[in-house]
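Structure record follows, encoded as structure tokens.
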Amino acid sequence: MMEQRLPLSLLPAQRRLLESRAFVRAFIGGYGAGKTRAAALLALWLSYRNPGLWGMLVSPTFRMIDGTTWQSVRDILDAWGLEVEVRKTEREMRIPAWNGVIRFASADRPELLKGSTIAWMILDEPGLMDEEVWPIAMSRVRHPDATERVLALCGTPEGLNWLYDILEGDRAQKTGAEIIRAATEENPFLPTDYATMLRRNYDEHQADSYLNGQFVALDRRRAYGAFDPRLHVLPELSLDPTRQVDLCFDFNVNPMSVILCQTDKRSTQVLDEVILPDCDTERACREVLKRLPNLEPGFRVFGDASGTRHTTTSRQSDYQIIRRVLGTRLQSMRVPSRNPPVRTRLNTVNAYLRERDEDNRPVCGIHARCKTLIRDLLRVTLMEGSVDELDKRDSQLTHASDAFGYRICRLFPLTLPSHNETERIVSL
């Protein structure tokens, strides 16, 4: 074994990275947590495990290769006293001691990463790379003669981008990565005041990301800044069959969004979501009935005030269609005569998300299966310089959180509604 032949000084998280048997493995850490050295050590280990087969260590730019990853690998080899054959034009190192081959590449032009099959690939600081790199990397690591095929990611979180999606977000289950975390304070070789200096200059969310290696929303323009998935997302929520289910509608067609909740006094449990592309109101209602076929207490309906209007394509309004499809299982419709101003809705939702019960737990819990709503609450932002205009350039965002917000404004308003904003039972 290489570890028996050479002096390996490893931090605990670095050792877990090398000993992992996962195909996709991620070393996610704060600044100074040993990520670049972990990537260099893993590259050497995989070149040892796959003699004669080349792998690839990818950095965001060529400058980062020359200034960081190349030098890190070379420093380790020099410390071991091993001969290295360098092919600068190909950005390649060969280690004759075990016939290892490491090629260095940049992600600034992802299309250049396409090519022949390789045994392994490591993405150094993937959070700084374009998302296009990921499917290319997945397609390349497939050499049939590889002893240990690995696709690794070593870096610091950079907000809730595609790296978050594949490791902890919508695509995490599909990726199946083993995540190894390393905090800045866990590296004993750093200056004693390094972590303290960083914390002094970062806010709470930045410190979570850049010192603790946690994925957090760093955008200061977040519309729902009070939402924290570590507090509000709960995998153990379950339906109470003795209580009504609240259906919260946003009538956008692509996607149509319905949020399913239950209420106990001032608490809310968000149990499920119906998010359907190219969908009409009737189809959305039938999907709800399919998921809850035997709910005896029935439903309450909340939603967008625009649903009371007839359209040029239908003789019935959205709420008339809901009443027809749900039938006797519909108990009430709690729909405003007009929607609250966006700023009012955002303030109300954020205030409710901050509210705690007598045990200091959030009164609002959201089941982990509600991925679209969670993504909305994390990613919906305000337009630059605005306090009440949502950024709607991503057509898939804002609809689930709008539906959620309509209900919060009806049940838990910040102030009493004025006469011309009062709730009404829709007469159909």
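A few notes on this one:
- The residues of segment 225-264 that are closer than 18 Å to ARG300 by Cβ, of a type in the set (D, E, K, R) and in a loop (DSSP other than H, G, I, E, B), listed by number, are ASP240, ARG243.
The rows are residues; the columns are (1) touching a strand residue (DSSP E or B) at 6+ places or on another chain (Cβ under 7 Å); (2) in a helix (DSSP H, G or I); (3) of a type outside the set (Ser, Thr, Tyr).
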residue: LEU8; (1), (2), (3): no, no, yes
residue: LEU17; (1), (2), (3): yes, yes, yes
residue: ARG25; (1), (2), (3): yes, no, yes
residue: ALA40; (1), (2), (3): no, yes, yes
residue: TYR48; (1), (2), (3): yes, yes, no
residue: MET56; (1), (2), (3): yes, no, yes
residue: ARG63; (1), (2), (3): no, yes, yes
residue: ASP75; (1), (2), (3): no, yes, yes
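- Checking ARG87 against (1) more than 30 Å from SER209 (Cβ to Cβ); (2) touching an Asp or Glu at 6+ places or on another chain (Cβ under 8 Å), the condition it does not meet: (2)
- Top-ranked residue of segment 281-308 - restricted to ones that are assigned to a loop (DSSP other than H, G, I, E, B) and touching a strand residue (DSSP E or B) at 6+ places or on another chain (Cβ under 7 Å), ranked as surrounded by the fewest Cβ atoms within 10 Å (Cβ to Cβ): GLY298
- In this structure, LEU123 does satisfy being closer than 29 Å to ARG91 by Cβ and either touching a Lys or Arg at 6+ places or on another chain (Cβ under 9 Å) or of a type outside the set (D, E, K, R) (or both).
- Long-range neighbours under 6 Å by Cβ, at least six apart or interchain, first residue in a loop (DSSP other than H, G, I, E, B) within segment 166-182, second hydrophobic (A, V, I, L, M, F, W, C): GLU168/PHE215; ALA177/VAL24; ALA177/ALA26; ALA177/LEU167
- Within segment 349-376, residues that are under 30 Å from ARG171 (Cβ atoms) sit with their Cβ atoms under 7 Å from residues that are aromatic (Phe, Trp, Tyr) and in a helix (DSSP H, G or I), at 6+ positions apart or across chains, in these pairs: CYS364/TYR352; LEU373/PHE404.
- Residue in segment 77-132 that is nearest to the chain's Cα centre (by Cα), counting only those that are of a type in the set (Asp, Glu) and assigned to a strand (DSSP E or B): ASP124
- Scanning segment 196-224 for residues that are in a loop (DSSP other than H, G, I, E, B) and of a type in the set (Val, Ile, Thr) returns a single hit, VAL216.
- Pairs meeting the criteria (first residue in segment 228-240 and surrounded by 10 or more Cβ atoms within 10 Å (Cβ to Cβ), second residue in a loop (DSSP other than H, G, I, E, B), beta carbons under 6 Å, at least 6 apart or on different chains) are VAL233/ALA368; LEU237/HIS367.
- Verdict on ARG200 being more than 19 Å from the chain's Cα centre (by Cα) and crowded, with 18+ Cβ neighbours inside 10 Å: no
- Odd one out for PRO60, checked against (1) in contact with a Leu (Cβ under 8 Å, 6 or more places away or on another chain); (2) over 16 Å from LEU123 (Cβ atoms): (2)
- Output for segment 114-135, where each listed residue is of a type outside the set (Phe, Trp, Tyr) and in contact with a strand residue (DSSP E or B) (Cβ under 6 Å, 6 or more places away or on another chain): ILE118, ALA119, MET121, ILE122, LEU123, ASP124, GLU125, PRO126, GLY127
- Filter result for the condition that a residue is out of contact with any helix residue (DSSP H, G or I) (no Cβ under 8 Å at 6 or more places or on another chain) and either surrounded by 21 or more Cβ atoms within 10 Å (Cβ to Cβ) or outside any loop (DSSP other than H, G, I, E, B) (or both), over GLY365, GLY327: GLY327
- Residue pairs meeting the criteria (Cβ under 7 Å; at least 6 apart or on separate chains; first surrounded by fewer than 22 Cβ atoms within 10 Å (Cβ to Cβ), in segment 98-124; second in a loop (DSSP other than H, G, I, E, B) and of a type in the set (S, T, N, Q)): SER106/THR61; ASP108/THR61
- Filter result (surrounded by 15 or more Cβ atoms within 10 Å (Cβ to Cβ), closer than 18 Å to ALA217 by Cα and of a type in the set (D, E, K, R)) within segment 379-418: ARG379, ASP391
- Any hit, segment 16-35, residues being over 27 Å from ASP165 (Cβ atoms) and of a type in the set (Lys, Arg): no
- Test: ALA195 is within 30 Å of CYS370 (Cα to Cα), crowded, with 19+ Cβ neighbours inside 10 Å and touching a residue at least 60 places away in the same chain (Cβ under 8 Å): no
FYI, it's all coordinate maths here, none of it is from the lab. Fair warning: this is a prediction, and the values are worked out from it, not measured in the lab. No Cβ is skipped: glycine too gets one built from the backbone with ideal geometry, and neighbour counts run over all protein chains shown.
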